[in-house]
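First the structure, in the form of structure tokens, and then the observations on it.
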Amino acid sequence: MNLNYYQIKKNIRRARKLVIMATNIAGSGHPGGSFSMAEILGCLFYKYLKFDPNNPQWEDRDRLVLSKGHAAPGLFSNMAVAGYFPESELETLRKFGSKLQGHPDLKCPGVEFCGGSLGTGLSYSVGVALAAKINSKDYHVYTIIGDGESDEGQIWEAAMTAAKYKLDNITAFLDRNFIQQDSYTEQIMPLDEKLEGDDLSEMWKDASRWKTGDKWRSFGWNVIEIDGHRIEQIDAAIAKANTTKGIPTMIISRTIKGKSVEHMEDNPLWHGKAPDSDIVPIINFELDSQFMIAPSIIAGDMTNLENEIKKCVSGRADYIHLDVMDGQFVPNKTFDHTKIKELRPLTIIPFDSHLMINEPVKHVTNYIDAGSDIITVHAEVTDESSFGEIHDLLKQNQVGVGFAINPDTELPDWFYKFLPSLDQLIVMSVVPGKSGQKFIEETHAKMTRLNSILKKHNFSGYLEADGGVNLENIGSIFADGARVFVGGGAIVGQQDVRVAIRDFRNEVLKSRRSILLDKANELGGVDLVNKWINLHIIGEKHEQIKKIAQEAGYI
Ligand code: DX5
Ligand code: ZN
């Protein structure tokens, strides 16, 4: 499909919601492992996989083999979003006679492999990849295996065979979420170095213990290790695997079981269990409220932007906000596309180029060529026709489409028709021109107002708050509906960028938890509040959420 970063992200969100819907109706199923591989499937379905939903048996299609077949709801949800069948069909998950069973079955057109008996999918993939070589076909085989299923000896037989036959047309993913049906993988059959202590839910963070890559390397595979929830890393890994010749590739993807729903994350209980109906609306809000932190590097050392970027990347920013100022649209001048092009090779992290320039339509191609992942232009310097041109150019080049409005600007009437395909709307919370200004308080009311308009017009992108965002106000800006937070002075201007980003995230998380508690209270009073709190059993979440509920007077 070749969609852009934002479209992939939006589809993943949609697929996750379908997993919740389907398993809830079925009363059983596997959300945990569906969510740990959600981003991997998203990158495959919406960018790399060659397929035709109207002709599932197309000879030259790429083959997607879900070896960890219990995560079928994740596969089916993406198949629905990708157009194989209507989303409503997920209501039949696990029902007698449905093509959507608890494990993938060939009776569902588009499914390549009857997964479920663990350990067998990689062997099957080897056969299919060998067949491609024999028949001179250039389709690719993508296979997803679990870490629990790596206990099976057959996985390692397949690993040897793929290397022996130099099957460079196989790319496998190890969904390394550290949890299998009954417990943590390292307690049942360790893949990594023996653990001292038992802080198991934290172990995936300690890279020094990871030895799984060495195992695969010793079996003759090309190994790439990534964070399996970061789209740009999955994307780059697949691109690299596709050009690697003479050797199969294993992408070891560190993931979190149940990712995106706090009470499911890292919790073995959610391997195979369906959410209750009264919790579903709370989960859906949670899924809709994923957020991103975008540091603005102009708040740092302008003579060494390279270093500012490195700090943001190692501080785990979601993307880098690049403020382009031309000295005309705003009095200051920062940098232009040539600088962005220079910075691009430093990192694969998405570049969020915010063009504060006159006549953006004349320059937008340069910013596409420079390697921006999203480009935002201002309402004040575009009209229906020039924005239409920019919009089409960006879409054609798989670049995200952004639109920005100044504090005194409202969404122009001509713009509404673009809302359904817009990826990001920046609501300026300072007068653009420089970093370090104070957040304009009226922005709260403006965002709330805008948010309901946006919903009515099928906007499914991200609302970005830009200017004066800090630890004191970020929680309430999140409550207004913002999902991307630019941070100049409050992030890049700080001594420790990593800590600043972490603190930003924690503040948003606090605000989100308190909104979810409000939601639980509104839907089911104190009983539902308690029920929801008690779902959070891993780490310190339970205590932290209880404290918020007590402060709010719910319990
Ligand atoms: C303002 C820019 C912002 C700004 C952010 O014109 O678009 O991105 O630099 O910096 P802070 O967070 O310091 O306001
Ligand atoms: Zn900006």
Taking other Cβ within 10 Å of each residue's Cβ, how do 137, 99 sort, fewest first?
137, 99
Based on C-alpha coordinates, I'd like the Rg and Dmax of the chain, in Å.
23.6, 69
Search the structure for amide H atoms under 5 Å from the amide H of residue 404, placed 1.01 Å from N in the peptide plane, and list their residues when 5 or more places away or on another chain.
377, 378, 379, 426
Average projected area [Cα convex hull, the range 363-475], square nanometres
7.4 nm²
What order, most packed first, do the peptides 167-175, 468-476, 7-15, 533-541 have when packing is the mean number of other Cβ atoms within 10 Å of each residue?
167-175, 7-15, 468-476, 533-541
Using only the Cα atoms of the range 194-347, build the gyration tensor, take square roots of its eigenvalues as a ≥ b ≥ c, and label the shape rounded, prolate or oblate: rounded if a/c is under 1.5, else prolate if a/b is larger than b/c, else oblate.
oblate
Using amide H atoms built in the peptide plane, which far-off residues or other-chain residues are under 5 Å from residue 173 H to H?
143, 144, 145, 251
Residue-by-residue Karplus 3J(HN,Hα) for the range 330-337, coefficients 6.51, -1.76, 1.60, Hz, glycine and proline x
10, x, 7, 10, 10, 8, 10, 4
On a straight-distance basis, which aspartates and glutamates could pair with residue 434 in a cross-link, Cα separation under 15 angstrom, same-chain partners fewer than 8 positions away excluded?
301, 323, 326, 466
Too-long pairs where the Cα-Cα distance tops 30 Å, listed order kept, from 211/395; 47/339; 68/456; 166/211; 47/133; 99/456
211/395; 68/456; 99/456
Helix-only [θ] at 222 nm, the chain, -39500 (n - 2.57) per DSSP H run of 4+, per residue, nearest 500, equals -12000 deg cm²/dmol
First measure r as the distance between the Cβ atoms of residue 369 and residue 413, then evaluate 1/(1 + (r/R0)^6) with R0 = 45 Å and state the FRET efficiency to the nearest 0.05.
0.90
Once you keep just the Cα pairs under 8 angstrom separated by 6 or more residues, what percentage relative contact order results for the range 5-268?
21 percent
For 166, 456, order by how many other beta-carbon atoms lie within 10 Å, fewest first:
456, 166
Under the Karplus curve 6.51 cos²θ - 1.76 cosθ + 1.60, θ = phi - 60°, whole-Hz ³J(HN,Hα) for the range 477-485, x wherever Gly or Pro sits:
5, 4, 4, 5, x, 5, 10, 10, 10
Using a Förster distance of 25 Å, how high is the FRET efficiency between residue 540 and residue 277, based on the Cβ-Cβ distance and rounded to 0.05?
0.35
Ranking 263, 229, 542 by Cβ neighbours within 10 Å, fewest first, what do you get?
542, 229, 263
For the range 292-494, share of DSSP beta bridges that run antiparallel, in % to the nearest 5
5 percent
When only C-alpha pairs under 8 Å and at least 6 residues apart count, what is the relative contact order of the range 292-494, in percent?
21 percent
Each residue of the range 220-229 in order: what ³J(HN,Hα) in whole Hz does its phi give by Karplus 6.51 cos²θ - 1.76 cosθ + 1.60, θ = phi - 60°, with x for Gly and Pro?
x, 9, 7, 10, 10, 10, 9, 7, x, 10
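The numbers here are math on the coordinates, done by the rules we state, and not lab data. None of these values were measured; they are calculated from a predicted model. For neighbour counting, all protein chains shown are included, and Cβ atoms are generated from backbone atoms with ideal geometry for every residue, glycine included.
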